[in-house]
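To start, the structure itself, in structure tokens.
The values are calculated or read from the model by the stated rules, or taken from the named source; none is laboratory data. Since we're looking at a predicted model, the values are computed, not measured. When we count neighbours, we look across all protein chains shown, and the Cβ atoms used for this are built from the backbone with ideal geometry, even at glycine. With ligands, DNA and RNA removed, areas are computed over all heavy atoms of the protein, side chains included. Shrake-Rupley method; radii C 1.70, N 1.55, O 1.52, S 1.80 Å.
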Amino acid sequence: MPQQIKRLVTAFAVFILMFLVLQQVLKPNSFGKLGHYRAMAIQENEARELHYAGSARCTKCHDEMHTDKAAGFHAQLQCEVCHGPGLKHVLYADKFKDGKLPDSLKLHKPDTRKECAICHQLNAARIKIVFDTVNNSMIKQVNALKHNLVDKHTKEELKCIECHNPHQP
Ligand code: HEC
Ligand code: HEC
Ligand code: HEC
Ligand code: HEC
């Protein structure tokens, strides 16, 4: 074998050996136990704190909102898209049926123009037709700074929800 090839082969052998040693040292312990991944990843994901409850669980106590929403344009929006993560609320709100909810269990009510505008604001940089995947229909966009901005008589700024029911717009 020519001398230069010998050197190359030695160099390669050293590199491959180094790779194998490093791989053993750096590999997480649970790797490969169940497949080509860290078995611990399952426990790690299970241990993550839950925040969302899902709309189905809101129905038990807020049947009216559910019925309203199901019959309107917002039918396919999840309650928590607007009200924020509600798992704690679902688990503990029952105890406060007669009294007031403590702040920690209150959910956000997105009643400002800004919050409706997140989805409905006319935006030149946005594609004009946004298909929702459930109904294949468009989310209609309005200019939130102009669309019925002030009351014609009092000249006061109106909130979107003064005209549109958020649960059945
Ligand atoms: C176990 C019953 C229960 C469940 C389940 C429940 N809620 Fe409530 N919710 C209540 C009670 C009780 C109140 C306070 C009294 C009231 O306004 O009726 C309340 C109030 C609210 C309010 C008004 C909060 C405020 O600050 O005035 C919103 C918004 C709300 N719930 C949304 C939701 C959403 C979204 C879900 C699903 C993720 C949900 N709720 C699930 C019982 C429940
Ligand atoms: C498009 C956003 C949106 C969605 C989706 C939505 N809500 Fe609301 N919700 C609002 C707004 C805005 C208010 C505040 C209305 C007001 O102050 O008059 C509100 C108010 C409420 C209230 C308090 C009512 C009161 O009289 O104070 C409850 C309870 C509630 N929503 C439950 C739900 C439930 C349950 C769902 C799912 C079935 C849902 N919401 C879906 C925007 C939404
Ligand atoms: C998370 C995105 C989202 C938010 C936030 C949202 N909407 Fe909607 N809105 C939708 C979708 C999706 C539709 C249904 C489009 C369809 O099927 O035509 C819709 C439909 C509507 C329609 C009916 C338009 C038509 O076709 O005539 C009105 C009005 C409306 N929303 C008002 C509001 C108001 C008021 C708020 C604030 C309380 C709000 N929306 C917040 C996504 C949103
Ligand atoms: C003074 C009452 C009033 C207020 C306030 C108001 N709207 Fe409307 N909105 C209407 C009426 C009436 C229509 C239907 C006729 C039209 O298109 O102007 C409408 C239509 C819409 C549509 C459907 C547009 C279309 O192309 O068919 C959307 C989406 C909408 N509004 C969202 C909003 C949002 C978001 C806000 C707050 C930024 C808001 N509205 C504030 C009365 C109002």
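General observations
- Each residue in region 141-169 was checked for being closer than 14 Å to residue 82 by Cβ and in a strand (DSSP E or B), and 2 of them qualify.
- Scanning region 14-66 for residues that are among the charged types (D, E, K, R) and within 22 Å of the chain's Cα centre (by Cα) gives 44, 46, 48, 49, 57.
- Pairs, first of a type in the set (A, V, I, L, M) in region 66-87, second within 11 Å of ligand 3 (Cβ to nearest atom) and open to solvent by 70 Å² or more (accessible area, probe 1.4 Å), C-beta under 7 Å, six or more apart: 71/168
- Scope region 95-119; condition within 16 Å of ligand 3 (Cβ to nearest atom) and hydroxyl-bearing (Ser, Thr, Tyr); matching residues: 112
- Among the residues listed as 100, 114, 60, 88, the single one being assigned to a helix (DSSP H, G or I), over 30 Å from residue 140 (Cα atoms), in the same structural domain as residue 158 (by TED's automatic domain parsing) and open to solvent by 90 Å² or more (accessible area, probe 1.4 Å): 88
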